[in-house]
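Only one structure is covered here, and it is reproduced in the block below.
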Amino acid sequence: MSNYFAHPTAVIDPDCQIGEGTKIWHFSHIMSNCIIGNNCNLGQNVVISPGVELGQNVKVQNNVSIYTGVICEEDVFLGPSMVFTNVINPRSAVNRRDQYLKTRVKKGASIGANATIVCGNDIGMYAFIGAGAVVTKEVPDYALVIGNPARQTGWMSSFGHKLQFNNDGIAVCPESGERYKLEERKVIKIS
């Protein structure tokens, strides 16, 4: 007996590791040699390609394909219909499977609905990618990025609130009370 839930319409290939408490919903396909952590939730019509790794508590909304080369650390949120790529210059008639670029989505990051992450660009811890954004470069920890191409417009707390820094470079999350410091275009949590 498995320690995860899979809807009867889900297809799960052999040689997958699926963590305890994970839920896999309608018409999803989990391909071989992927690793899915504990307590993940994979919505309808999700595809997890071979070699993909999802940490614990990753939430994947409907209509998301996570291609070979992508690693999502724990507590990542992937919004509905967001897109990962894995080849910079795809052509139907040219096989480039040996040219997949890696993309790492770090702990606690959120990627909004219909956003596109161009392969090879890591997403920092607790970064927040706005709906519809097209990410074409690395995103720093705690950064808020929006638009096409995505540009940084601010910083976010680990609870998902836009941070307002005072003259000393200190911000406080209104929900958690956690304090953050902005120094040399980097944000770190100080409490």
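Does VAL47 count as under 13 Å from the mean Cα position of the chain (by Cα) and among the aliphatic types (A, V, I, L, M)? No: the conditions fail for VAL47.
Being under 24 Å from ASN148 (Cα atoms), surrounded by fewer than 18 Cβ atoms within 10 Å (Cβ to Cβ) and either among the acidic types (Asp, Glu) or touching a strand residue (DSSP E or B) at 6+ places or on another chain (Cβ under 9 Å) (or both) is true for just one of VAL64, VAL83, VAL60. Which residue is that? Answer to the check: VAL83. Scanning the stretch 137-172 for residues that are more than 17 Å from the chain's Cα centre (by Cα) and acidic (Asp, Glu) gives a single hit, ASP168.
Residue-by-condition table, conditions (1) closer than 26 Å to ALA133 by Cα; (2) buried (at least 18 other Cβ atoms within 10 Å of the Cβ); (3) in contact with a His (Cβ under 9 Å, 6 or more places away or on another chain):
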position	(1), (2), (3)
GLU20	no, no, no
SER32	no, no, no
ILE35	no, no, no
ASN38	no, no, no
ILE48	yes, yes, yes
GLY55	yes, yes, no
VAL70	yes, yes, no
GLU73	yes, yes, no
LEU78	yes, yes, no
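Conditions tested, residue by residue: (1) without any contact (Cβ under 8 Å) to a residue 60 or more places away in the chain; (2) among the small types (Gly, Ala, Ser); (3) within 25 Å of ILE71 (Cα to Cα).
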residue	(1), (2), (3)
VAL135	yes, no, yes
GLY147	yes, yes, yes
LEU163	yes, no, no
ASN166	yes, no, no
ILE190	yes, no, no
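Just one of (1) more than 14 Å from VAL187 (Cβ to Cβ); (2) buried (at least 17 other Cβ atoms within 10 Å of the Cβ) fails for ASN148. It is (2). Could you tell me which of the residues VAL172, VAL118 is surrounded by fewer than 22 Cβ atoms within 10 Å (Cβ to Cβ) and within 25 Å of GLY43 (Cα to Cα)? Result: VAL118 is the single residue among VAL172, VAL118 that is surrounded by fewer than 22 Cβ atoms within 10 Å (Cβ to Cβ) and within 25 Å of GLY43 (Cα to Cα).
Bear in mind that the values in this text are calculations on the coordinates, not laboratory data. What you see is a predicted model, and the numbers here were worked out from it, not measured in a lab. Positions of Cβ are generated from backbone atoms using ideal geometry, with glycine treated the same way; all protein chains shown enter the neighbour counts.
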